[in-house]
Amino acid sequence: MKGHAYLNQAAIYCRELNKIAVALGSVRDLSTVLNLITRRAVDVLNLKACSLGLWDKKTGKFEVVAVHGLREKHAKNVPIDSKALKGLPVVVTDFSKWLSPDKVKKRGIASMLCVPVQTRYDKLGVVCVYSAKKHRFSTLEAEFLKSLGNLGAVAIEGTRLYERLQKRLMETETLVEISRVLTSSLKPQEVFNKIAETTTEAMKMKGCVVRLLDEKREKLEQVASYGLSENFLRKGPIHSDKGLEDVRTGKPAIVPDVLADSRLQYPEETVKEGIRCELAVPLKVKDSIIGSIRVFGSTPHQFDEEEIKYLEAIASHAAIAIENARLYRISLKNWQDLVQEVWEKSDVWGRTKIEREEQ
């Protein structure tokens, strides 16, 4: 590319990057950010397609999250070598050297350029562009795509941060509402039922069970449930020394997939109920464990630290509500016993037995 044409093209790319930066700055939805990046890459570079993939830190796998101009299944099967894993550019001038002619024809792509999407401290993924014909990518094209990847990385991280803050706000509001609901009644069964229902809805799960330890601390007795069938709930006794260890250790017990976990007491009944994941945390009053609260999901799920802490926060509110209801019941019983005792010692005129004996 001659000097004048090079400078002209560079200026065009700079103007486009500025427009993209402005557009990304006004977006708060992650899917919109991802689609905007892939769409603008195709338009500005005048190529066939673009895909954007991110590394999933939980699974350690690469996942294509946005595609423009190409079928998603074809983008997922594009070979990304070890360079991309290290955050380095990858160039494929001729796809026929990587894939069979039939596969190349089905995809409708001949050449590819991939650059990292990364912040200063973290590699997030890669953005790839594809041409329909064999194409030798220029330095300017590579620099533009790299700059776009950097803009995308900032936008992705900013959007994720915004979503986390929004989630925290919603969780805080939910906890306040849960606290209000749980303290609105001192009747034990009403409290138990509200705990099960509000926990299920707050965690967006299939169902929830609240259990308390019996006097011998050998079994967990169900006091409330939500979203689960009677057949499942009556499957058999839950022993504190078997199954999940939340009550034994005082720590959360996590089951990402019930099909791959041997700790469950009733695995067949659990699967039949349509349950595929569980999270259990103990109910504690001061340093004493009084029971357990467990949520159940209908699909395999790797509970993250935020979800675990959220359920622990709910359990903390629930334990206080349960203890308040228990103390209220004890106080009410003591008051009723006192009234009964005074009544038994009085005649119909309100005089006590002592007064009658003195007369």
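The values are calculated or read from the model by the stated rules, or taken from the named source; none is laboratory data. No experiment lies behind these values; they were computed from the predicted model shown. Glycine gets a Cβ as well: all are built from the backbone with ideal geometry, and neighbour counts include every protein chain shown. Ligands, DNA and RNA are excluded from the accessible area calculation, which covers all protein heavy atoms including side chains. Shrake-Rupley method; radii C 1.70, N 1.55, O 1.52, S 1.80 Å.
What to note about this one:
- Of all residues in the stretch 1-51 being charged (D, E, K, R) and over 30 Å from Lys167 (Cα atoms), the one that is most open to solvent (accessible area, probe 1.4 Å): Lys2
- Hey, Ser184 modelled with pLDDT under 90 and open to solvent by less than 80 Å² (accessible area, probe 1.4 Å) or not: yes
- Flag if Val176 is under 27 Å from the mean Cα position of the chain (by Cα) and surrounded by 17 or more Cβ atoms within 10 Å (Cβ to Cβ): no
- Scanning the stretch 226-268 for residues that are assigned to a strand (DSSP E or B) and either open to solvent by less than 40 Å² (accessible area, probe 1.4 Å) or more than 20 Å from Leu283 (Cα to Cα) (or both) yields Ile238, Ala253, Val255.
- Contacts under 9 angstrom Cβ, first residue in the stretch 163-181 being touching a residue at least 12 places away in the same chain (Cβ under 8 Å), partner part of a helix (DSSP H, G or I) and of a type in the set (S, T, N, Q), 6 or more apart: Thr174/Thr198; Glu177/Thr198; Ile178/Thr198; Ile178/Thr199; Val181/Thr198
For every residue, the table says whether it meets (1) on the phi > 0 side of the Ramachandran plot; (2) among the aromatic types (Phe, Trp, Tyr); (3) touching a His at 6+ places or on another chain (Cβ under 9 Å).
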position: Leu279; (1), (2), (3): no, no, yes
position: Lys284; (1), (2), (3): no, no, no
position: Arg294; (1), (2), (3): no, no, no
position: Tyr310; (1), (2), (3): no, yes, no
position: His317; (1), (2), (3): no, no, no
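- Taking first residues from the stretch 208-222 that are under 18 Å from Val191 (Cα atoms) and partners that are among the aromatic types (Phe, Trp, Tyr) and open to solvent by less than 100 Å² (accessible area, probe 1.4 Å), the Cβ contacts under 6 Å between residues at least 6 apart in sequence or on separate chains come to Cys208/Tyr226; Val210/Phe192.
- Scanning the stretch 81-95 for residues that are assigned to a loop (DSSP other than H, G, I, E, B) and at pLDDT 70 or above turns up Leu88, Pro89, Thr93, Asp94.
- Of the candidates Val154, Val210, Val191, the single residue that is touching a strand residue (DSSP E or B) at 6+ places or on another chain (Cβ under 7 Å) and surrounded by 14 or more Cβ atoms within 10 Å (Cβ to Cβ) is Val210.
- Selection within the stretch 28-66: residues that are within 19 Å of the chain's Cα centre (by Cα) and small (Gly, Ala, Ser). The member of this set that is modelled with the lowest pLDDT is Gly60.
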